[in-house]
Amino acid sequence: MDSSVDITDIGTWEPPFIQPHKMGALNKFGQRTLRDNICREVFGVPVNDLVRRYGSPVFVVGEKHLRQNIRRIKSAFEQRYNLAVHGWSYKTNYISAICRILHQEGSLAEVVSKFEYEKARFLGVPGEQIIFNGPNKPKDILRRAIEDGALIQADHMEELKMLEAVADELGRIVKIGIRINFDTGFTEPWSRFGFNLESGQVNEAINFISRSDHLRLSSLHSHIGTFVLEPRAYAEQVRIMCELMRKLEGVENVAIDTIDIGGGIPSRNALQTIYLPPEQAVPDINEYADAICEALLAGTRYRKEIGKELPRLIFESGRAVIDDAEVLITSVVGTKRLPDGRRAAILDAGTNLLFTAYWYNHQVKMTRNAAGSEEETVLYGPLCMNIDVVRHSISLPPLAAGDHLVISPVGAYNNTQWLQFIEYRPNVVLAQESGGCSVIRQAEDLGVMMAQDQIPAHLASLDLSGKIRPLSRSGNHPTLNRKLV
């Protein structure tokens, strides 16, 4: 063998393999290969420029796209019901610049924790423009929310009692809402949150409020689920809530002026359990607005007859607003052939950044034309976990280390559910509506990750002398020395 041969010259060679072809037959990738799988720009900015400036991986948010989304969604409801108000769901994505954009567009802040409430106030949102949901509201933040004039929607009886006690301490009469849950017949009931209607828990809560010296019920809130694909589910939800509102007319300390239907409106993302493409599976936002507003107008017609004002409608859409306004750019760091013959690629972004990969088949696009036939490919992340899979199966041409991939839509829940696990979290960049880019969340480094650590005094120094055997093959390790003789 010629010792001068450079083995890197054969690095692209792969052993032969057999791949069966079923011409004209349907398979897991569809009937034919799509040829529009190239994405060289995101929101008008070249991918290569973004990676060069901000590193890989990197999240990119399109400001113009986000503003267009919220305007379109708000318009769909407001033109059908002029008392409709959008509440931006902070848990969907609470990066400050994103929240600020949506508040500029007129969205209220919908928060579900002390942290989210304090963040909304830090961002300048007045208390009266905050909807405070969620099952865990400590007493101190309830007190602040009452003083700020936020709409607090109680989740359970203990919270109602705490609200009564705080209002008593403050000497206030406080308008509140309650969260209720029930079966629409269209979705699996979310019975964990709020007071159940069928079991009588709602009546118990209303009786408590009606006897209170400090509480007034002004809002009914419910949330029927997530990624709800049937608009009629919302129509039934609204019908049930309006029926309850009508029954409460004249009850002591009850005057409903707000119907809050929560969120759950889907984005054009691909759920793993649904085989239709999102364009076919997900109804247009106008279908949801039609179903909801028609049911609300029908259910509140009696109010006009008795001369009462119609209630305000709050919808807390999150995913449908932000999901397709953000992408993740990631790079291939390695490739391999799996024992079963499939191709695999290792990316520098995994489920630490893309938590939604566990339930979506995200769209993946290359940034260059690649030679070679498309094959079933597994996309792995960089984590030392077997479950770190970005896509379990996708048809792609041969990938190479250094290739960039664009994954979308990723704007919903990834920047809030991402993990600081093994890898640093990367830059999040805003492609501005006016042109140019800005970092809206800076990449982490060791300083960020160590900032919260505290080392006790007795651990202040690290003295390893005589306690750890070196990994080097040199030295006085007797076993190694015998092996090396």
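The values are calculated or read from the model by the stated rules, or taken from the named source; none is laboratory data. In this text, all values refer to a predicted model and were calculated from it rather than measured experimentally. Positions of Cβ are backbone-derived with ideal geometry, glycine not excepted, and every protein chain shown enters the neighbour counts.
Observations on the model:
- Selection count, segment 207-246, where residues are surrounded by fewer than 20 Cβ atoms within 10 Å (Cβ to Cβ), under 26 Å from the mean Cα position of the chain (by Cα) and of a type in the set (S, T, N, Q): 1
- Taken as a whole, the structure places residue 89 among residues that are closer than 26 Å to residue 193 by Cα and surrounded by 20 or more Cβ atoms within 10 Å (Cβ to Cβ).
- Applying the set (1) over 18 Å from residue 167 (Cα atoms); (2) of a type in the set (A, V, I, L, M); (3) buried (at least 23 other Cβ atoms within 10 Å of the Cβ) to residue 142 leaves exactly one unmet item: (1).
- Leading residue by the ranking (modelled with the lowest pLDDT) among those in segment 310-358 that are in a loop (DSSP other than H, G, I, E, B), outside the structural domain of residue 112 (by TED's automatic domain parsing) and of a type in the set (A, V, I, L, M, F, W, C): 338
- Neighbours by Cβ (under 6 Å, 6+ apart or cross-chain): first from segment 432-458, assigned by TED's automatic domain parsing to the domain that holds residue 41 and under 20 Å from residue 46 (Cβ atoms); second aliphatic (A, V, I, L, M) and at pLDDT 95 or above: 437/429; 437/431; 438/430; 439/429; 440/95; 440/97; 440/428; 440/430
- Beta carbons closer than 7 Å, at least 6 apart along the sequence or on distinct chains, pair a first residue in segment 243-255 that is in contact (Cβ under 8 Å) with a residue 24 or more places away in the chain with a second that is part of a helix (DSSP H, G or I) and of a type in the set (Phe, Trp, Tyr) for 246/302.
- Tally of residues being over 20 Å from residue 404 (Cα atoms) and of a type in the set (A, V, I, L, M) across segment 336-354: 1
- A single entry from 160, 151, 102, 83 fulfils the requirement of being buried (at least 23 other Cβ atoms within 10 Å of the Cβ) and within 17 Å of residue 177 (Cβ to Cβ): 151.
- Residue count for segment 421-441, restricted to those that are farther than 18 Å from residue 381 by Cα and acidic (Asp, Glu): 1.
- Considering each residue of segment 387-405 in turn, none proves to be over 30 Å from residue 43 (Cβ atoms) and without any contact (Cβ under 8 Å) to a residue 24 or more places away in the chain.
- Whichever residue in segment 119-134 is out of contact with any strand residue (DSSP E or B) (no Cβ under 9 Å at 6 or more places or on another chain) and assigned to a loop (DSSP other than H, G, I, E, B) and, among such residues, is nearest to residue 159 (Cα to Cα): 126
- Looking only at residues of segment 176-203 that are out of contact with any Phe, Trp or Tyr (no Cβ under 7 Å at 6 or more places or on another chain) and among the acidic types (Asp, Glu), we find that the one that is nearest to residue 311 (Cα to Cα) is 183.
- Entry remark, segment 251-270: residues being in a loop (DSSP other than H, G, I, E, B) and among the hydroxyl-bearing types (Ser, Thr, Tyr) number 1 in total.
- Filtered residues of segment 271-308 (kept if modelled with pLDDT under 95 and either crowded, with 18+ Cβ neighbours inside 10 Å or outside any helix (DSSP H, G or I) (or both)): 271, 272, 273, 274, 275, 276, 277, 278, 306, 307, 308
- Matching option when the condition is at pLDDT 95 or above, of a type in the set (A, V, I, L, M, F, W, C) and crowded, with 22+ Cβ neighbours inside 10 Å, among 109, 165: 109
- Annotation note: Cβ proximity below 9 Å between a residue of segment 185-212 that is in a helix (DSSP H, G or I) and a residue that is aromatic (Phe, Trp, Tyr) and buried (at least 17 other Cβ atoms within 10 Å of the Cβ) (sequence gap 6+ or interchain) occurs for 201/195; 202/182; 202/195; 203/195; 204/195; 205/195; 206/195.
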